[in-house]
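In what follows, a single structure is set out as structure tokens and then discussed.
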Amino acid sequence: MKVVAVVFLILLGGCASNAPKETHQEKEIEVRTIQKEFTPHIWSDHKILKVSTEVCAQKGTEILESLGFNQIVKNGSYVYGNYSNNRAVIKCTSVGESTFVYAAVAGPKVEVVEKLRNEIVWQL
């Protein structure tokens, strides 16, 4: 992702520079492809809880904080955050008198993704 950002900034800087008005020389164009650093793995699970969606979302925020996630955002009943190169989401939805909670984690290393998902779901 950092490589993509650097390439984008380089291209953006090149677009902002002053180009000569007339060029009579033909330039050879080099084609470069940007390759992903990794193919992300995603693990998910769900539960039915006997709490409100607000309590569920607050508990999700507390779980991500306790596991060391940063940049945690809570938007209503939707919570997500980052942990190294991993991203987790917890979504709480009202179903009758209960709450359906869906949790997912995505990242480059399957072992870490699985462990984070398990920790989140076990604490819900």
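Details
- Among the residues of the range 90-115, those that are of a type outside the set (Gly, Ala, Ser) and either touching a Lys or Arg at 6+ places or on another chain (Cβ under 6 Å) or open to solvent by less than 10 Å² (accessible area, probe 1.4 Å) (or both) comprise ILE90, CYS92, THR99, VAL101, TYR102, VAL105, VAL113.
- Looking only at residues of the range 69-88 that are outside any strand (DSSP E or B) and at pLDDT below 95, we find that the one that is surrounded by the most Cβ atoms within 10 Å (Cβ to Cβ) is SER77.
- From the list ASN75, ASN82, ASN70, ASN86, the lone residue that is closer than 12 Å to ALA104 by Cβ and polar (S, T, N, Q) is ASN86.
- LYS91 without any contact (Cβ under 8 Å) to a residue 40 or more places away in the chain and assigned to a strand (DSSP E or B): yes
The values are calculated or read from the model by the stated rules, or taken from the named source; none is laboratory data. Every value quoted in this text rests on a predicted model; they were computed, and no experiment measured them. No Cβ is skipped: glycine too gets one built from the backbone with ideal geometry, and neighbour counts run over all protein chains shown. For the accessible areas, the whole protein counts, side chains as well, though only heavy atoms, and no ligand, DNA or RNA atoms are used. Shrake-Rupley method; radii C 1.70, N 1.55, O 1.52, S 1.80 Å.
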